[in-house]
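S.K.: Below is a structure I'd like to ask you about.
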Amino acid sequence: MRSVRKRIAVIGGGIAGLAAAVRLREQIPEGADIVVFEQSGALGGKLRTGELGGLTVERGAESFLASGSDGAESAAVALARRLGLGDALVHPARQPAALAIGGRLTPIPGGTLVGVPGDLSTLDGIADADPAADQDLGRPLLGPDEDVAVGALVRSRYGAEVVDRLVDPMLGGVYAGRADQLSLRVTMPQLARAAETEHTLRAAVRAAQAQSRRVPGKPVFAAVDGGMSRLVSAAATASRARISLGLPVRELLRTAGGWRLVLGPVPAPQTEDVDAVVLAVPAKPASRLLAEVAPAVAEAVGSLSYASVALVGLALPPGTVLPELSGFLVPPGEGTLVKAATFFTRKWPHLDRPAGPVVVRASLGRAGEEDRLQLDDAALLARARRELGELLDRARQELGEPAGAPLPPPAASWIQRWGGALPQYAPGHADRVAAARAALPPGLALAGAAFDGVGIPVCVASGERAADDVSKFLEEA
């Protein structure tokens, strides 16, 4: 690295951008000025911690994977430890989750991979599948460069009910999307890799599960005691970056020595000249900023679509009876706006108080259903309460409660709307992103969910890879 001090812009203050800023500071401790530009008034993106009934309750992502497919710590856990938050990591209780099918809450069968079973005998009463359809045709399920929709592969091997009742609700809970539109390679990369060598779906699922190297008894998920906003704040502090909030970057231009950012209102623009840029924003703003400097990349990036969702938080009275579950998922065919619910205080023991509220968090909306979210907050809250009450009614009856007992009024509640929040990765997405990155001008890197997938560990790793690319460019410049 030359002794000349370098200036690096990180556009986007979500966790991918902040992870990039932290990695840049680690690699260039004293030799760089790092500036994080976030057009909103707060850092963190979809990580936002709130309060409900006196408890800390996430208004965005509530947890992250604790380990990667190789069994090592996930990028999110590793980042938390580097930021001094290792002792603040907490894990959910070992409670099963359920599927809401036909008015009943049925535990999700074990041995599935994002809803795709490796043993069809576990599906009794949940979905019909024909084992004879998953035949060995003498070749791998997937070619080395091939990508398909998750639904297309699973339907061809297991039938429609497995997709509709298992895979769709699982993918819907993470991506708010439908299996028939989502890329296998992006949403289920372990299964895609296994499908390149295995000849049946059952064998591919089992191989993917074996390759994951999950340690028995080791927690699958983790969160930060005190909320995800602690992770955001710690990353911002560790990066020692200058933070610019509420001032959108409107243009990105090439200069003789690097890049010029045009910021602020059109009548009174401001400019910043930098040596390199990490672009960690959603697809549409990324496409707009790339239009001048890489038009072909801008067109490819801008084609990504998004789903909108809403989260509803309910603080129910102490003692409210809920099933012995961490929550449930709802298949799209049930017709509800609620697609998932978490029994938050049961799932997270560190928040459970004997005399405290019973917190339920519900997720509403799927890809293509944006019009169903066009209710005001009061109407959306009422809809969520009614649907939750109906979905829980059968479970309460099984616990000896009277039929038709309404869900008690919450002592407190909130609604968090995330418009255009979740990318919908069509088949071929990974190849399109690889081609886009290869066509970028030197000194410019892409990071975030728009490119590499959802989930905090994926976004952290994406930001760190972008920082590595920028650091290498600056070393060689």
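What follows is calculated from the coordinates using simple rules that are stated; it is not laboratory data. Computed from a predicted model, the values in this text were never measured in an experiment. Glycine gets a Cβ as well: all are built from the backbone with ideal geometry, and neighbour counts include every protein chain shown.
S.K.: Taking the radius of gyration and the Kirkwood hydrodynamic radius from Cα positions alone, what is the Rg/Rh ratio for the stretch 218-368, to two decimal places?
M.R.: 1.11
S.K.: Follow-up. What is the Cα radius of gyration of the stretch 326-368 over 2.2 N^0.38 Å, N being its residue count?
M.R.: 1.39
S.K.: For a quick size check, give me the Cα extents of the stretch 323-474 along its three principal axes, largest first, whole Å.
M.R.: 66, 36, 27
S.K.: Note the full-extension length gain between Ala438 and Val266 as 0.36 nm times their separation in residues minus their Cα-Cα distance, in nm to one decimal.
M.R.: Gain on extension, Ala438 to Val266, equals 58.7 nm.
S.K.: Then there is this: Please list the three semi-axes, largest first and in whole Å, of the ellipsoid equivalent to the stretch 172-285, using sqrt of 5 times the eigenvalues of its alpha carbon gyration tensor.
M.R.: 41, 22, 15
S.K.: log₁₀ I(q)/I(0) of the stretch 400-467 at q = 0.27, 0.29 Å⁻¹, via Debye over equal Cα point scatterers, no solvent, to two decimals?
M.R.: -1.26, -1.31
S.K.: Any idea which of Val330, Ala286, Ser229 is furthest toward the positive side of the dipole for the chain, if Lys and Arg beta-carbons carry +1 and Asp and Glu beta-carbons -1?
M.R.: It is Ser229.
S.K.: Next up: Could you pull the Cα extents of the stretch 115-187 along its three principal axes, largest to smallest, in whole Å?
M.R.: 37, 33, 15
S.K.: In debye to the nearest 20, how big a dipole does the chain give about its Cα centre with +1 on each Lys and Arg Cβ and -1 on each Asp and Glu Cβ?
M.R.: That gives the chain a dipole magnitude of about 980 debye.
S.K.: Here's something else I'd like to know. How big is D, in µm² s⁻¹, for the stretch 282-347 by Stokes-Einstein at 20 °C and 1.002 mPa s if Rh is the Kirkwood radius over C-alpha pairs?
M.R.: 136 µm²/s
S.K.: Give me the Debye-computed log₁₀ of I(q)/I(0) at q = 0.12, 0.13, 0.17, 0.19 Å⁻¹ for the stretch 70-213, equal point scatterers on Cα only, no solvent, two decimals.
M.R.: Once normalised to I(0) and log-transformed, intensities are -0.55, -0.64, -0.99, -1.17.
S.K.: Please identify the longest segment of the chain free of exposed GluC sites (Glu not before Pro), where exposed means a DSSP state other than H, G, I, E or B and no more than 13 other Cβ atoms within 10 Å.
M.R.: With a cap of 13 other Cβ atoms within 10 Å, the longest stretch comes to 31-291.
S.K.: Rank Ala98, Gly71, Val150 by how far each Cα sits towards the positive end of the charge dipole of the stretch 1-154 (+1 on Lys, Arg Cβ; -1 on Asp, Glu Cβ) and give me just the farthest.
M.R.: Gly71
S.K.: With each pseudo-label sitting 7 Å past Cα toward Cβ, what's the Asp273-Glu196 distance in nm, one decimal?
M.R.: For the pair Asp273/Glu196, the computed spacing is 4.5 nm.
S.K.: Counting C-alpha atoms alone, how compact is the chain: give Rg to one decimal and Dmax as a whole number, in angstrom.
M.R.: According to the Cα coordinates of the chain, Rg and Dmax are 23.1, 75 Å.
S.K.: Moving on. Take every Cα-Cα distance within the stretch 162-226, group them into 5 Å bins from 0 onward, and report for each bin the whole-number percent of pairs it holds.
M.R.: With a bin width of 5 Å, the distribution comes to 3, 15, 18, 22, 23, 13, 5, 2, 1, 0.
S.K.: Could you work out the Kirkwood radius for the stretch 46-114, taking every pair of different alpha carbons, averaging 1/r and inverting it, reported in Å?
M.R.: Kirkwood hydrodynamic radius for the stretch 46-114: 15.1 Å.
S.K.: Given the DSSP H assignment, sum -39500 (n - 2.57) over each helix run of at least 4 residues in the chain and divide by its residue total; what's the result at 222 nm in deg cm²/dmol, nearest 500?
M.R.: The helix-only estimate for the chain comes to -9000 deg cm²/dmol at 222 nm.
S.K.: Largest first and to the nearest Å, give the Cα extent of the stretch 1-48 along each principal axis.
M.R.: The Cα atoms of the stretch 1-48 stretch 38, 17, 11 Å along their principal axes.
S.K.: Percentage of Cα-Cα pair distances in the stretch 432-477 greater than 16 Å, rounded to whole percent? Provide the component values of the computation, followed by the final result.
M.R.: Values: 401 of 1035 pairs.
Above the 16 Å cut-off, the stretch 432-477 has 39 percent of its Cα pairs.
S.K.: So, in nm, how far is label Asp431 from label Lys472 when the simple model puts each one 7 Å beyond its Cα toward the Cβ?
M.R.: If labels sit at Asp431 and Lys472, their model points lie 2.3 nm apart.
S.K.: What is the Rg over Rh value, at two decimals, for the stretch 1-115, using alpha-carbon atoms and the Kirkwood definition of Rh?
M.R.: Rounded to two decimals, Rg/Rh equals 1.09.
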